[in-house]
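A.B. asks: What follows is a structure written as structure tokens; I'll ask about it next.
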Amino acid sequence: MQSTGARSTSSDRIDTQSSLDSTLVLGIVERRHSALDEIHARYAALIFHVAYEVSRQHLIAADVVQEVFLRLWRSPDRVDQTRGTLRAFLMLEARARTIDFIRRDATRRQREDRTARLDLRVARGADDSMWERMRGAEAREALRRLPPEQRAAIELAYFGGHSYRTVATMLGEPEGTVKNRIRIGLRQLRHQLAGADDQL
């Protein structure tokens with residue numbers, strides 16, 4: 001059974017913590033950087049932990065820490081300690097900002113995928129007439145002459161219908177590297193097929 005003295009000590013510690021937090025928040029209102037630095041030292045690790053638990057991504061968690069303290073510096077009046085502790089406020093902020101980051105990241109990825117698919121359709125449309133003029137065996141031979149890494153990327157994207165992002169995942173390569181290989185490979189194919197067309 002917990003003694004009255006132990007409960008009193010715990011309560012005193014919480015009161016002291018809240019009092020110090022209130023003083024630090026007031027310091028931010030007064031634009032004292034030292035107050036923000038102290039709150040950062042006390043709560044940055046907690047915010048990172050909350051953000052990581054939600055996102056499971058270290059980069060997002062680090063961004064959330066920065067975002068939470070930037071918002072605190074810009075709008076310290078949002079901290080209403082009559083409704084809860086600074087610790088509780090920062091934890092709620094961490095969760096909310098993490099969800100925002102996840103949503104923005106998902107939206108960005110969807111936008112990049114749409115752009116990649118459009119780029120690929122444009123590339124296919126530009127090359128269709130050339131491919132149609134050539135016999136299948138000649139086209140396959142031209143493709144066979146490409147370096148293996150370019151051929152694999154083109155086969156998956158151009159013939160397989162996969163997005164750049166999907167091709168990159170399938171090949172275990174960065175998306176930018178895959179795009180560059182496809183661009184160079186298509187240029188070489190155009191040159192080879194145009195040369196063959198001149199000989200018909």
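A.B. asks: Determine whether ILE102 is modelled with pLDDT under 90 and either outside the structural domain of ALA153 (by TED's automatic domain parsing) or out of contact with any Asp or Glu (no Cβ under 9 Å at 6 or more places or on another chain) (or both).
C.D. replies: Yes, satisfied.
A.B. asks: Further, regarding this structure: Are any of the residues in the stretch 81-98 in the same structural domain as ILE28 (by TED's automatic domain parsing), surrounded by 19 or more Cβ atoms within 10 Å (Cβ to Cβ), without any contact (Cβ under 8 Å) to a residue 12 or more places away in the chain and more than 22 Å from the chain's Cα centre (by Cα)?
C.D. replies: Within the stretch 81-98 (the criterion being in the same structural domain as ILE28 (by TED's automatic domain parsing), surrounded by 19 or more Cβ atoms within 10 Å (Cβ to Cβ), without any contact (Cβ under 8 Å) to a residue 12 or more places away in the chain and more than 22 Å from the chain's Cα centre (by Cα)), the answer is yes, since at least one residue qualifies.
A.B. asks: Could you look through the stretch 144-177, keep only residues that are acidic (Asp, Glu) and outside any loop (DSSP other than H, G, I, E, B), and pick out the one that is modelled with the lowest pLDDT?
C.D. replies: Ranking the candidates gives GLU155 first.
A.B. asks: Continuing with the same structure: Here are the criteria: (1) modelled with pLDDT of 95 or more; (2) farther than 21 Å from ASP21 by Cα; (3) not charged (D, E, K, R). Tell me which single one ALA62 does not satisfy.
C.D. replies: (1)
A.B. asks: Checking TYR52 against (1) at pLDDT below 90; (2) over 23 Å from THR82 (Cβ atoms), only one condition comes out false. Which one?
C.D. replies: All conditions pass for TYR52, except number (1).
A.B. asks: Across the stretch 53-69, what is the total count of residues that are closer than 16 Å to ARG31 by Cα and surrounded by fewer than 12 Cβ atoms within 10 Å (Cβ to Cβ)?
C.D. replies: 0
The values are calculated or read from the model by the stated rules, or taken from the named source; none is laboratory data. Values in this document were obtained by computation on a predicted structure and should not be read as measured data. We place every Cβ from the backbone using ideal geometry, glycine too, and count neighbours over all the protein chains shown.
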